[in-house]
Every structure is written in structure tokens, then in C-alpha cells.
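Everything below concerns the one structure shown next.
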Amino acid sequence: MSATPVSQPQQHAIRAAVLTVSDRCSRGEAVDTSGPGLAELLRARLGATIVDARCLPDDKDQLAQCFVEWSVPSAQIDLIVSTGGTGLAPRDVTPEAARSVFEREHPALMDLARLRCMSKTPRAFLSRGVAGTIGRTLILTLPGSPRGSSENLEAILDILPHAIETLRGEVQDDGRSDAIAVTGKVIRHAT
């Protein structure tokens, strides 16, 4: 079964924000390389506009507040990627912070990232990273290392534009054979 786009909407640049979660970086004791690396990857591979970047300590309440702040409709942020705080250390609380504010969780997205990264390192499965949405904003919580964060993001770059178009309401995929594009494109499934 294949899907064929019927009409192409005008493409709008993805608006993204990058959150680095690190006690040491937030105190100025270490230099953040993961966040800037993700920002560059989003610009280079998705043509994204980075509208905000921040570094916060491993604090569940501060992280949750940032996710919510960046997800308000007036911010117009399509994608939030965080790096750090997804491991097994006692202070790794990014998944818990994200889950506390998600309206809808999307576990398969990070499952796909881990599966696609498995051939590079089985340590990909040590990440407890999660994905979900608040309103029309997609949130991904990635590992903290520059390599781990970039590999996990690269693993799902191919499907992120469609996910974001769908969240924006630009894709109508309800299976109706008579669907007409109102806000964007209609995906027709072969029968």
C-alpha cells in the first residue's frame, strides 16, 4: 500500500528550539557542544530556523516549564529537541519532565531512532529518550553526548518534515477517497 501526495502545499521553514540539559554546562563548568551541533544539523538537513536555544540544569520542574513555554501557540515552534538527561544516572530526569507535560506521547518515534542507531552501537538502547506533543509542537528528548544526540536525530530526520506538516494541519490523511486539500496536501492510499 503506497501513499501519493495529491497536491503540494507551500513549504514553510520548520521553526525549532534546542534545549541542552546539563548541570555542568548550566553552571559554566563545561562547554555545550551537543546543543549547537543539533542546531547546525537542523539548519543544514531540514532548513530549520532555530528560534531559541537554552541550557538548563537537570531539574524536572525547570525542564517541564521550558517545554511548555516553547509550546505555546504564540511561540510558533514546530520542533523542540533536547539533549541530555535521558540516561540512567540519578539526575537524568528529562524524560520524566517531558512526560509530565505531554498532551500525547509518541513512543514509536524514539523507538525508531534507537533501532536505526543499533548498528552503530547497542548503547543506543541505554537512552530513555521520549517523544510527544504539546499542541502543535513536537518534542524529542535525545542523549547528551554530541555523537549520541546527532545520531539519534539523524536517524529520524527523514520522517520529521511529514510529522511536523501533520501537526500543523497541513496534511489531511483520513482515508476518504473524495478528500480535498483545504489546508495543505491530501495523502491518497492505494487500495
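Quick note: the coordinates plus some simple rules give every number you see, no bench work behind them. Treat the numbers as computed from the prediction; the structure is a model and nothing was measured. Positions of Cβ are generated from backbone atoms using ideal geometry, with glycine treated the same way; all protein chains shown enter the neighbour counts.
Less than 13 Å Cβ to Cβ from CYS66, Lys/Arg counted +1 and Asp/Glu -1: what total charge do the surrounding residues give?
-3
Could you sort 82-93, 67-78, 137-148, 100-111 so that the peptide with the highest average Cβ count within 10 Å comes first and the rest follow in order? Could the numbers behind the result be given before it?
On the way: 82-93: 20.4, 67-78: 16.4, 137-148: 23.7, 100-111: 14.7.
In decreasing order of mean packing, 82-93, 67-78, 137-148, 100-111 become 137-148, 82-93, 67-78, 100-111.
Under a 5 Å amide H to amide H cut-off, with H placed in plane at 1.01 Å, what residues pair with ALA53 once short-range neighbours are removed?
Under 5 Å from the amide H of ALA53: VAL18.
What size of dipole, in debye to the nearest 20, comes out for segment 103-170 about its Cα centre when the only charges are +1 on Lys and Arg C-beta atoms and -1 on Asp and Glu C-beta atoms?
Result for segment 103-170 is approximately 280 debye, rounded to the nearest 20.
Let a ≥ b ≥ c be the square roots of the eigenvalues of the Cα gyration tensor of segment 9-136; is it rounded (a/c under 1.5), or, if not, prolate (a/b larger than b/c) or oblate?
Details: a/c = 1.30, a/b = 1.16, b/c = 1.12.
Note, shape of segment 9-136 comes out rounded.
With θ taken as phi - 60° and the coefficients 6.51, -1.76 and 1.60, list the Karplus ³J(HN,Hα) couplings across segment 128-138 in order, rounded to whole Hz; mark glycine and proline as x.
Once θ is set to phi - 60°, the couplings for segment 128-138 become 9, x, 10, 9, x, 10, 10, x, 9, 10, 9 Hz.
Which cross-chain or sequence-distant (5 or more) residues have an amide H under 5 Å from the amide H of GLY85, H modelled 1.01 Å from N in plane?
Close amide H contacts, sequence-distant or interchain: GLY144.
Taking the Cα centre of segment 13-172 as origin and charging only Cβ (+1 Lys, Arg; -1 Asp, Glu), how large is the dipole, in debye to the nearest 20? Can you show the working numbers first?
Values: 18 positive and 20 negative charges, 62 e Å.
Charge dipole, segment 13-172, about its Cα centre: 300 debye, nearest 20.
Dipole of segment 69-142, Cα-centred, from +1 at each Lys and Arg C-beta and -1 at each Asp and Glu C-beta, to the nearest 20 debye?
It comes to approximately 340 debye.
Between beta-carbons, use under 15 Å as the cut-off and find the net charge around ILE80, counting Lys and Arg +1, Asp and Glu -1.
Numbers: positive: ARG15, ARG54, ARG99, ARG104, ARG136, ARG168; negative: ASP52, GLU69, ASP78, GLU103, GLU105.
Once all neighbours under 15 Å are counted, the net charge is +1.
If you keep only loop residues by DSSP, which trypsin sites (Lys or Arg not before Pro) in segment 20-66 have at most 15 other Cβ atoms within 10 Å of their Cβ? Each step should come with its number before you reach the end.
Working: sites: ARG24, ARG27, ARG43, ARG45, ARG54, LYS60; in loops: ARG27.
Of the trypsin sites (Lys or Arg not before Pro), the ones in loops of segment 20-66 whose Cβ has at most 15 other Cβ atoms within 10 Å are ARG27.
I'd like the distance between the alpha-carbon centres of segment 35-76 and segment 112-175, rounded to an integer number of Å.
14 Å
List, in order, the whole-Hz ³J(HN,Hα) value for each residue of segment 55-69 obtained from phi through the Karplus relation with A = 6.51, B = -1.76, C = 1.60 and θ = phi - 60°; use x for Gly and Pro.
10, 10, x, 6, 10, 4, 5, 5, 5, 4, 4, 5, 4, 5, 4
Mind checking which of ALA44, VAL101, CYS66 is farthest towards the positive end of segment 13-172's charge dipole, using Cβ charges of +1 (Lys, Arg) and -1 (Asp, Glu) about the Cα centre?
Farthest towards the positive pole: ALA44.
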